[in-house]
Each structure stands twice: as structure tokens, then as C-alpha cells.
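Visitor: Please read through the structure below; I'll follow up with questions.
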Amino acid sequence: MSEVMTIEEKIKKIIVSKVRDEEKARSLEYGTPLLTLGIDSILALSILVEVEEEFDIEIDDADLNMDRLRSIESFSALVKLYLDRK
């Protein structure tokens, strides 16, 4: 039986694969503020594109704000909102 990953787990996996600081990546929790990971704008865009591809969604620019992208929890809530619209 294959294990099904949650939205949070998938987003965490994507972020961990992009973060250069292995110690910060290992300690990443769903509520960890993503800004503490040292993510710059180019890396953030790369993460966003990979999340959109993973979930087959396109997040509107108007929804891209720090409240929605503050943590894995808030990011996954945004993704769920888009998945519910499909």
C-alpha cells in the first residue's frame, strides 16, 4: 500500500529540497515562519512554481502575500483553497 502525502507534507518536501541550510531544513515544522529559512525572492518563486506544478494550480498574484505564505500551514491553506475551486 502506498503512503499518501498530505498537502503540508508535499509543500514541506518542496521547500526542504530548495533550502540551502540543511540544519534549518531539518528543523522545519509546519508552523515555522518561512522567512527564517533565508529564502530570497528567486528561491521563493522557484518554490511557488514547483508547488503550482505539484498541485496543478495557478495562484493569482493577488493571493501572494506574506500572510498566506508565512508558514507551511498558511501556504497549504492557500493551496487547499485553490484545489477546492477546481
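The values are calculated or read from the model by the stated rules, or taken from the named source; none is laboratory data. All figures in this text were calculated on a predicted structure; none of them were measured in a lab. All Cβ positions, glycine included, derive from the backbone under ideal geometry; neighbour counts span all protein chains shown.
Visitor: Which residues, taken from the range 22-58, are within 19 Å of E9 (Cα to Cα), of a type outside the set (G, A, S) and assigned to a loop (DSSP other than H, G, I, E, B)?
Guide: L28, E29, Y30, T32, P33, I39, D56, I57
Visitor: Any idea which of (1) in contact with a helix residue (DSSP H, G or I) (Cβ under 6 Å, 6 or more places away or on another chain); (2) loosely packed, with under 13 Cβ neighbours inside 10 Å is the one I14 doesn't satisfy?
Guide: (2)
Visitor: When residues of the range 59-77 are filtered for being assigned to a helix (DSSP H, G or I) and under 20 Å from K18 (Cα atoms), how many remain?
Guide: Counting residues in the range 59-77 that are assigned to a helix (DSSP H, G or I) and under 20 Å from K18 (Cα atoms) gives 5.
Visitor: Among the candidates L43, L81, L64, L48, which residue alone is surrounded by fewer than 17 Cβ atoms within 10 Å (Cβ to Cβ) and over 13 Å from the mean Cα position of the chain (by Cα)?
Guide: The unique qualifying residue is L81.
Visitor: I7 versus (1) more than 16 Å from R70 (Cα to Cα); (2) at pLDDT 95 or above: which is the lone unmet condition?
Guide: (1)
Visitor: Report yes if E53 is at negative phi, of a type outside the set (V, I, T), in contact (Cβ under 8 Å) with a residue 12 or more places away in the chain and surrounded by 11 or more Cβ atoms within 10 Å (Cβ to Cβ), otherwise no.
Guide: no
Visitor: I would also like to ask the following. Do we have I11 as in contact with a Ser or Thr (Cβ under 7 Å, 6 or more places away or on another chain), among the hydrophobic types (A, V, I, L, M, F, W, C) and either touching a residue at least 12 places away in the same chain (Cβ under 8 Å) or in a helix (DSSP H, G or I) (or both) here?
Guide: Yes: the conditions hold for I11.
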